[in-house]
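Please treat every number below as a calculation from the coordinates, not as lab data. As the structure is a prediction and not an experimental result, all values here were calculated from the model. Don't worry about glycine lacking a Cβ; one is built from the backbone with ideal geometry, like all the others, and counts go over all protein chains shown.
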Amino acid sequence: MASRIPTSTSVTESAVIAAPFSSVWHLMNLHSFPAFWTALYKSEPVHGISPDADMVKWTFKDGTELDIKLEAHSAIDHYITYSVISAKPQLSYSSVVSTIRLFPITSGGHEGQTFVQWSGYFSSDADAGVIEDAKFKRREALADLGSAVKRLGIYEIKE
């Protein structure tokens, strides 16, 4: 019997985005992710699940489809939390809940920019490969976010 290698079931990646906080926060909407995350082809609303559920279907350029449910959104504390409800193809683990938090940088060399932290908490059946993959996907998405604010012309950092 093969033994499983113990691994953390969480991942957190972060980046400083060279854009004002309000510009980056504006993109933190499940429907807006394709505007910055280049791996995503589209985001469309999912209807008929529940009148109270805010859900979207993310279709990635590789054909993967994820039904995503907004779990929490705070315009006061500046975070969104979402979970994957279903996936095609099926995921190798039971669940994941992700949170993206934004913080305005108010002093120092990055004053006027935005600190973004993106974490994911996976069910205990996620293996090391899943966690490693999540780490790199978050890093790529954060790099895409930095590039997108420049491409979309929504930044203005005074040097």
Residue-count net charge about Ala15 - beta-carbon cut-off 14 Å; Lys, Arg +1, Asp, Glu -1
+3
Sequence gap at least 6, Cα distance under 8 Å: using those rules, report the relative contact order of the range 10-151 to the nearest whole percent.
30
Note, ³J(HN,Hα) from phi for the range 123-136, Karplus 6.51, -1.76, 1.60, rounded to Hz, x at Gly and Pro
5, 5, 8, 6, 9, 4, x, 5, 5, 4, 4, 4, 4, 5
Using 0.36 nm per residue of separation minus the Cα-Cα distance, give me the extension gain between Gln117 and Thr12 in nm, one decimal.
37.1 nm
MRE, 222 nm, helices only [DSSP H, n ≥ 4, -39500 (n - 2.57), over the chain, to nearest 500]:
-6000 deg cm²/dmol
Lysine pair number, Cα distance threshold 24 Å (strictly under), the chain, separation 8 or more or different chains:
24
In whole Å and largest first, what semi-axes does the C-alpha gyration tensor of the chain yield when each eigenvalue is scaled by 5 and square-rooted?
28, 20, 14
